[in-house]
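The values are calculated or read from the model by the stated rules, or taken from the named source; none is laboratory data. Computed from a predicted model, the values in this text were never measured in an experiment. Cβ coordinates were reconstructed from backbone atoms using ideal geometry, including for glycine residues, and neighbour counts include every protein chain displayed. With ligands, DNA and RNA removed, areas are computed over all heavy atoms of the protein, side chains included. Shrake-Rupley method; radii C 1.70, N 1.55, O 1.52, S 1.80 Å.
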Amino acid sequence: DISSGGNGALTFPKRYYVMGNYSKFVRPGYRMVNNSDPNTFTAYDPASQTAVIVVTNPTTSTEQVDYDLSGFTTVGGAATPYQTDTSEDLAQLSTVGVSGNRLSVSLPAQSVTTYVIPGTTFTGSSDASSVSPYGSQTQVFATAGSGAVYSDVRSGGDWSGWRSIGGDLADQPVVTQYGTQLDVFGRAPDGATE
């Protein structure tokens with residue numbers, strides 16, 4: 001945003017830092033890992049053996065959360081948090097211990113916090129997603145454990161929320177744009193292409 005004071009100074013709105021909670025830490029090559037919390041995004045980088053958890057607390061009060069990380073093969077002993085809230089902009093905070101494959105933290109009201117956990121390995125299946133730009137939108141596709149394909153659309157800075165588009169896939173979808181449409185393909189449990 002350009003300052004209204006007429007001096008041409010740039011200011012960075014809060015959404016700039018919120019997007020940084022994702023884009024600074026989840027880089028190309030990371031795989032999305034399934035979790036059961038709609039306010040949490042989890043990714044893993046096999047090259048650096050690093051897990052990244054991005055969690056949003058949209059409420060107006062502090063929340064306590066306890067993450068069970070036993071789905072990872074091994075988990076590093078500490079997580080470094082980076083927080084954006086009403087008073088902080090992607091601020092690095094003191095490390096938080098991981099004990100017994102659990103990360104227990106307190107989330108300030110109306111905050112987005114990224115936890116980076118190095119020294120983590122993951123050999124399970126991931127819910128890696130396919131991402132496709134579509135006009136001014138970004139559309140993400142992923143397969144749930146049931147095989148159903150879900151889509152989330154980002155338009156104008158907001159995500160629509162995950163919605164089922166059906167299907168029964170044995171692995172993650174592949175997306176391609178053909179003219180003005182997106183085509184989603186995947187391998188069905190019987191090996192056929194859907």
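Summary of values
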| item | result |
| --- | --- |
| Segment 92-112, subset among the small types (G, A, S) and over 20 Å from N39 (Cβ atoms), residue least open to solvent (accessible area, probe 1.4 Å) | G97 |
| Filter result (within 28 Å of P189 (Cα to Cα), modelled with pLDDT of 80 or more and either among the β-branched types (V, I, T) or open to solvent by less than 20 Å² (accessible area, probe 1.4 Å) (or both)) within segment 113-128 | T121 |
| Residue within segment 29-41 that is part of a strand (DSSP E or B) and within 16 Å of Q83 (Cα to Cα) present | yes |
| Failed item in (1) under 17 Å from P118 (Cα atoms); (2) in a strand (DSSP E or B), with V55 passing the rest | (1) |
| Test: residue in segment 3-16 that is open to solvent by 50 Å² or more (accessible area, probe 1.4 Å), within 30 Å of G100 (Cα to Cα) and touching a residue at least 12 places away in the same chain (Cβ under 8 Å) | no |
| Failed item, numbered, when T74 is tested on (1) more than 14 Å from Y22 (Cα to Cα); (2) modelled with pLDDT of 95 or more | (2) |
| Flag for N21 being over 18 Å from G119 (Cα atoms) and in contact (Cβ under 8 Å) with a residue 24 or more places away in the chain | yes |
| Verdict on V131 being modelled with pLDDT of 95 or more and either among the β-branched types (V, I, T) or within 30 Å of F185 (Cα to Cα) (or both) | no |
| Cβ-Cβ under 7 Å pairs, at least 6 apart or on other chains, segment 95-119 side polar (S, T, N, Q), far side exposed (fewer than 14 other Cβ atoms within 10 Å of the Cβ) | N101/D68; N101/S70; S104/D66; S106/T62; S106/Q64; Q110/P58; Q110/T60; Q110/T86 |
| Cβ-Cβ under 8 Å pairs, at least 6 apart or on other chains, segment 152-175 side part of a strand (DSSP E or B), far side surrounded by fewer than 14 Cβ atoms within 10 Å (Cβ to Cβ) and among the acidic types (D, E) | V175/D183 |
| Top-ranked residue of segment 25-64 - restricted to ones that are open to solvent by 80 Å² or more (accessible area, probe 1.4 Å), over 20 Å from S146 (Cβ atoms) and at pLDDT below 90, ranked as farthest from the chain's Cα centre (by Cα) | A47 |
